[in-house]
């Protein structure tokens, strides 16, 4: 029956259903993952089989039956981006309306899963049927908007915001959707921050473009801004564009530090991201300013010298004016940090390629 439920035609499934009439189908028709034929019909978008199972009361297959992962047939259906999937979702919800707000073992609802799959037609359908689910949270207190932002699904972000979801919602780590968007999609990030600004209780003057007015960056529980999240994304496509946007639109304080005493340039050095280091320095971050040092008085060069796995960041920082002999709170220079960290390649750059004298 499970295999038959995968087919677009319900003829074979009907034959099986008639053959086992009177049997305990609920217990017989479950695979090793506790899935019924209805799970399979929904997963393979077989609208005929879904309709047959729902109409055949004698089969006794619950519309909200859960598998070992807590997935219902509706949750299986929302990930399928086919024209008939919308009708299948409507059929399943019509049979048991409360199933739309049910959650799996990770407390993800059908809307979370539809957003993760970027299934826009299903997102529209679910929000049309029950708009109140737009801010349901999973086990980590993440809303569907967090999912859309993290994946960079801009159109899904727009739909969720229009339905009433808010960028001010924070997960268990006190992280907003904008933090996640900063690592992957400048467009999603801009949409979130612009929407937050437009819906703020504080009035603003209209400007020529969304990037011309100052948006408000936000911080997580570690006091890291969206800009810092974009920096620590590493070499993820899209984060450099997010950095440029945030510097332009939010006008960040360059001395702003997270809970561990690192500013954006420090984090870029720790991530061994030469392109981001170069961009931040171009935007005004200084590798030497006292106000832009860590709590232990380290510069970005101190951090890179002791941790970077390639010399690119060292070369960029020194070329941009980073001082080789600046001392931290314990009297250590970047050269010392390279020795202490066992980074011979960084030491080589500082001493030989750049012509530095040996000085501790």
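What the table below lists for this structure:
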| read-out | value |
| --- | --- |
| Proxy reagent accessibility, fewest Cβ within 10 Å first, across 285, 229 | 285, 229 |
| Selected from 227, 193, 98 as most flexible by GNM, with the chain as the system and alpha-carbon contacts under 10 Å | 98 |
| FRET efficiency, 1/(1 + (r/R0)^6) with R0 22 Å, evaluated for residue 135 and residue 173 via beta carbons | 0.80 |
| Fraction of the pair-distance distribution of the range 63-208 above 27 Å, Cα-Cα pairs, percent | 22 |
| Ascending count of other beta-carbon atoms within 10 Å, so fewest first, for 293, 159 | 159, 293 |
| Rg followed by Dmax, in Å, when the range 1-133 is reduced to its Cα trace | 14.0, 43 |
| Packing-based order for 270-282, 1-13, using average beta carbon neighbours within 10 Å, highest first | 270-282, 1-13 |
| Estimated 222 nm signal from helices in the chain, with DSSP H stretches of n ≥ 4 weighted -39500 (n - 2.57), rounded to 500 | -12000 deg cm²/dmol |
| GNM flexibility winner over the chain from 346, 263, 27 (Cα, springs under 10 Å) | 27 |
| Distance between the range 213-254 and the range 3-80 - C-alpha centres, whole angstrom | 47 |
| Choice from 152, 60, 261 with maximal GNM fluctuation in the chain (Cα, 10 Å cutoff) | 60 |
| Length gained when the stretch residue 290-residue 124 is fully extended (0.36 nm per residue, less Cα-Cα span) | 54.6 nm |
| Whole-Å distance, taken between Cα centres, linking the range 299-356 and the range 117-186 | 42 |
| For Rg/Rh (Cα atoms, Kirkwood Rh), calculated from these coordinates, the label among (i) 0.97; (ii) 1.16; (iii) 1.13 | (ii) |
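Where a number appears in this text, it was derived from the coordinates with a stated rule and is not lab data. Not measured: the values here are computed from a predicted model. Glycine also receives a Cβ, built like all others from the backbone with ideal geometry; neighbour counts cover every protein chain displayed.
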